[in-house]
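Let me begin by presenting the structure, written as structure tokens, before commenting on it.
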């Protein structure tokens, strides 16, 4: 009986741990991959890349959607995958090395590079304001301050990128509308020109009919004029 109870409690505790980890991952800023994996990039550690892989493996086993009933597990799992994918890339020493990589690698390397720059910026802001003291490691409270600024910077950058993207989309939509209008006007002009050419014979015939109608009354008036002269002479 006691063993059964222990197993139930152990299962419930395990499920609770998994649910908490899923909630933690989803509460992280989606673009802060270090925070998602709970890794401090400011800590000087030559084994950082190995730590990324080990942490990723441990966390994905914990919340794998096939082993967890939590409906949010797939979403959290995808965030872990993206975080590991970006952070697993080594940043080349020179820009030329980055440019020589394929487009996908270049995208992830630049994303990781930007994130590291944001962490350094957040650290420097707090150091300048003397809210933290520089060291090889930071207290949990200091690191939370750094993470908060990182999140603020990321959200602001993403917001700005979204504004720029929407502006570009509006400009492209406006350009497409103008091109479509020009094309429609060109097609209409061509259609009218074709119609004008197709109706040439009709216009010629109509003109001939019109001129004939005008000429007939003139001939009658001449005839009447001649008769009136005869009457006068008579």
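The values are calculated or read from the model by the stated rules, or taken from the named source; none is laboratory data. Quick caveat, the model's predicted, so the values are computed rather than measured. Virtual Cβ from ideal backbone geometry, glycine too; neighbours counted across all protein chains shown.
May I ask you to verify whether residue 112 is in the same structural domain as residue 31 (by TED's automatic domain parsing) and touching a residue at least 60 places away in the same chain (Cβ under 8 Å)? It is true that residue 112 is in the same structural domain as residue 31 (by TED's automatic domain parsing) and touching a residue at least 60 places away in the same chain (Cβ under 8 Å). Counting only helices (runs of 4 or more DSSP H) that sit completely within region 8-87, those holding 2 or more residues that are under 31 Å from the mean Cα position of the chain (by Cα) and farther than 18 Å from residue 108 by Cα correspond to 48-62, 73-87. Within region 127-137, if we keep just the residues that are out of contact with any helix residue (DSSP H, G or I) (no Cβ under 6 Å at 6 or more places or on another chain) and touching a residue at least 12 places away in the same chain (Cβ under 8 Å), the residue that is surrounded by the most Cβ atoms within 10 Å (Cβ to Cβ) turns out to be 131.
Please verify whether residue 90 is out of contact with any strand residue (DSSP E or B) (no Cβ under 9 Å at 6 or more places or on another chain) and more than 17 Å from residue 25 (Cβ to Cβ), treating the condition exactly as stated. Spelling it out, residue 90 is indeed out of contact with any strand residue (DSSP E or B) (no Cβ under 9 Å at 6 or more places or on another chain) and more than 17 Å from residue 25 (Cβ to Cβ).
Yes or no, residue by residue, for (1) within 30 Å of residue 41 (Cα to Cα); (2) in contact with a helix residue (DSSP H, G or I) (Cβ under 9 Å, 6 or more places away or on another chain); (3) exposed (fewer than 10 other Cβ atoms within 10 Å of the Cβ); (4) not assigned by TED's automatic domain parsing to the domain that holds residue 121:
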position: 147; (1), (2), (3), (4): yes, yes, no, no
position: 154; (1), (2), (3), (4): yes, yes, no, no
position: 166; (1), (2), (3), (4): no, no, no, no
position: 181; (1), (2), (3), (4): no, no, no, no
position: 207; (1), (2), (3), (4): no, no, no, yes
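Within region 88-99, the residues that satisfy the criterion of being assigned to a helix (DSSP H, G or I) and touching a helix residue (DSSP H, G or I) at 6+ places or on another chain (Cβ under 8 Å) are 98, 99. Against the conditions (1) closer than 19 Å to residue 31 by Cβ; (2) over 22 Å from the mean Cα position of the chain (by Cα); (3) modelled with pLDDT of 90 or more, residue 124 satisfies every one except (1).
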